[in-house]
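This report refers to the structure that appears directly beneath it.
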Amino acid sequence: MNKQLVTLMTLLVVGIGVCVWIIQKPSQSEFEPIGLFEDLNSVASQIDSVTIENSSGTLFKGKKHGEQWLAEVGHTGKTYPIEKSKVANLINSLLQGKLIEAKTSRKANLERLGLKAIDQEDSLARLITITVGNKAWQVLVGNQASVGEGSYVRFVKQPQSWRLDRRIELPVGHFSWLQHPILPFEVKDILTVTRVGNDNWSMTKYTDEIDFAMENMPEDRLLAYDGVLTGFVENLVALDYEELISIDDNVVNSLNLVTKLNVVTQQYQEFTVILSQANGAYYVNFNINGAEQYWQNWYYQISGFTAQQLNKVTEDFLQKIDEEEKSTFKPISNEESS
């Protein structure tokens with residue numbers, strides 16, 4: 001065989017081998033996922049506060065008190081129970097989250113990821129601060145990833161941005177992570193509800209198997225439908241709010257009473273639900289006989305629809321007269337007519 005041809009074939013084989021080796025060799029630049037807060041895991045059980053801020057200020061500030069989490073509400077210094085699952089899910093996401101892709105480190109491009117510093121008025125970022133004693137862990141959370149799963153994040157003092165391998169769920173408003181609904185009761189816990197004042201009525205549940213019954217039911221009248229009274233109690237125990245307002249003389253003096261409801265629980269705890277109105281907005285507050293409850297120290301702003309569900313008069317529970325006549329009408333048979 002021609003010596004030159006042998007040399008050429010040898011070089012070709014070597015070249016192919018080198019190419020295969022290069023293709024199969026792991027890339028030195030391939031990014032290995034790393035934990036977002038790797039050093040926080042060992043002290044996770046000692047986390048004592050979580051704060052979330054945006055360009056407008058503090059959105060949420062929760063602190064752990066024993067086994068309970070409480071949120072500071074506004075500038076009142078008062079606290080309110082938190083939905084523990086919200087905080088638990090956030091902490092778990094941060095502890096388990098991994099940085100899986102390096103993104104831009106150019107300051108001019110951070111806006112597209114929602115990661116501008118929160119001291120800039122138009123920033124969309126949320127700053128999360130977790131503390132254990134005097135030590136803090138911070139991260140900025142931006143938009144959801146446009147390609148792939150997860151959220152864009154950036155450490156406060158670093159220009160480098162990253163894609164996290166999961167979406168970080170954050171509160172949409174100041175009150176969204178607080179405990180909802182207002183009352184800690186279920187329908188089965190309620191014994192009696194009574195409207196006080198004009199057009200007063202009362203409903204009572206005598207056994208677990210039977211719906212609520214209206215006391216002193218008007219003669220020759222029927223309930224609008226089965227379960228109408230129980231439906232009212234369902235709305236009462238599911239009573240929810242849009243905003244919390246601390247009890248204040250200015251607030252109290254501006255309110256006009258709409259109605260009052262006295263409630264007795266199966267354990268004979270009594271409290272009054274007070275529905276009021278001011279400047280087109282509706283509020284509820286509570287007076288309680290017995291041990292103080294967290295929900296008696298606030299005025300709760302509620303929607304107009306929710307207010308309508310509470311402000312029921314007797315006629316709202318009854319069939320209309322013409323409907324009752326139809327339901328009790330019995331056609332005369334041929335035998336009866338003869």
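Quick notes on this structure:
- Qualifying residue in the stretch 238-246 (condition: aliphatic (A, V, I, L, M) and part of a strand (DSSP E or B)): yes
- Test result for Asn235, of a type outside the set (D, E, K, R), surrounded by 12 or more Cβ atoms within 10 Å (Cβ to Cβ) and either out of contact with any helix residue (DSSP H, G or I) (no Cβ under 6 Å at 6 or more places or on another chain) or not in a strand (DSSP E or B) (or both): yes
- Residues being modelled with pLDDT of 95 or more and either among the β-branched types (Val, Ile, Thr) or open to solvent by less than 60 Å² (accessible area, probe 1.4 Å) (or both) - total across the stretch 239-254: 2
- Hits in the stretch 211-224 - residues which are surrounded by 10 or more Cβ atoms within 10 Å (Cβ to Cβ) and part of a loop (DSSP other than H, G, I, E, B): Asp211, Phe212, Glu215, Met217, Pro218, Arg221, Leu222, Ala224
- Residue selected from the stretch 307-338 under the condition over 42 Å from the mean Cα position of the chain (by Cα) and part of a loop (DSSP other than H, G, I, E, B), by the criterion modelled with the lowest pLDDT: Ser338
- A Cβ distance below 8 Å, combined with a sequence gap of six or more or placement on separate chains, defines the contacts here; from the stretch 136-161, residues that are of a type in the set (Lys, Arg) reach residues that are in a strand (DSSP E or B) in the pairs Arg154/Val139; Arg154/Leu140; Arg154/Gly142; Arg154/Ser161; Arg154/Trp162.
- In a residue-by-residue description of the stretch 89-109, the property of being closer than 30 Å to Gln296 by Cα and part of a loop (DSSP other than H, G, I, E, B) applies to no position.
- Filter result (part of a loop (DSSP other than H, G, I, E, B) and modelled with pLDDT of 95 or more) within the stretch 193-204: Trp201
- Of all residues in the stretch 167-198, those satisfying the criterion of being open to solvent by 70 Å² or more (accessible area, probe 1.4 Å) and either touching a strand residue (DSSP E or B) at 6+ places or on another chain (Cβ under 9 Å) or hydrophobic (A, V, I, L, M, F, W, C) (or both) are Arg167, Val172, His174, Asn198.
- Total residues in the stretch 171-192, condition assigned to a loop (DSSP other than H, G, I, E, B) and farther than 21 Å from Lys260 by Cβ: 10
- On inspection, Gly133 does not qualify as buried (at least 16 other Cβ atoms within 10 Å of the Cβ), small (Gly, Ala, Ser) and farther than 30 Å from Leu183 by Cβ.
- Within the stretch 267-295, residues that are free of Cβ contacts under 8 Å to residues at least 60 places away in the same chain and assigned to a loop (DSSP other than H, G, I, E, B) have Cβ atoms under 8 Å from residues that are among the charged types (D, E, K, R) and open to solvent by 10 Å² or more (accessible area, probe 1.4 Å) in these pairs: Gly290/Glu270, counting only partners at least 6 apart in sequence or on another chain.
- Some residue of the stretch 254-265 being part of a helix (DSSP H, G or I) and not basic (Lys, Arg): yes
- Of all residues in the stretch 116-144, those being in contact with a helix residue (DSSP H, G or I) (Cβ under 9 Å, 6 or more places away or on another chain), assigned to a loop (DSSP other than H, G, I, E, B) and among the aliphatic types (A, V, I, L, M) number 3.
- Of all residues in the stretch 46-73, those that are more than 11 Å from Ile128 (Cβ to Cβ) and aromatic (Phe, Trp, Tyr) total 1.
- Residue list for the stretch 60-82, filter: at negative phi, in contact (Cβ under 8 Å) with a residue 40 or more places away in the chain, open to solvent by 20 Å² or more (accessible area, probe 1.4 Å) and not charged (D, E, K, R): Thr76
- Selection of the stretch 85-116 for residues being farther than 18 Å from Lys64 by Cβ, among the aliphatic types (A, V, I, L, M) and open to solvent by 30 Å² or more (accessible area, probe 1.4 Å) yields Ile100, Ala102, Ala108.
- Within the stretch 147-155, one or more residues are in a loop (DSSP other than H, G, I, E, B), surrounded by fewer than 16 Cβ atoms within 10 Å (Cβ to Cβ) and under 25 Å from the mean Cα position of the chain (by Cα).
The values are calculated or read from the model by the stated rules, or taken from the named source; none is laboratory data. What you see is a predicted model, and the numbers here were worked out from it, not measured in a lab. Every residue, glycine as well, gets a Cβ built from its backbone with ideal geometry; the counts of neighbours run over all protein chains shown. Calculation scope for accessible area: heavy atoms of the full protein, side chains included, ligands and nucleic acids excluded. Shrake-Rupley method; radii C 1.70, N 1.55, O 1.52, S 1.80 Å.
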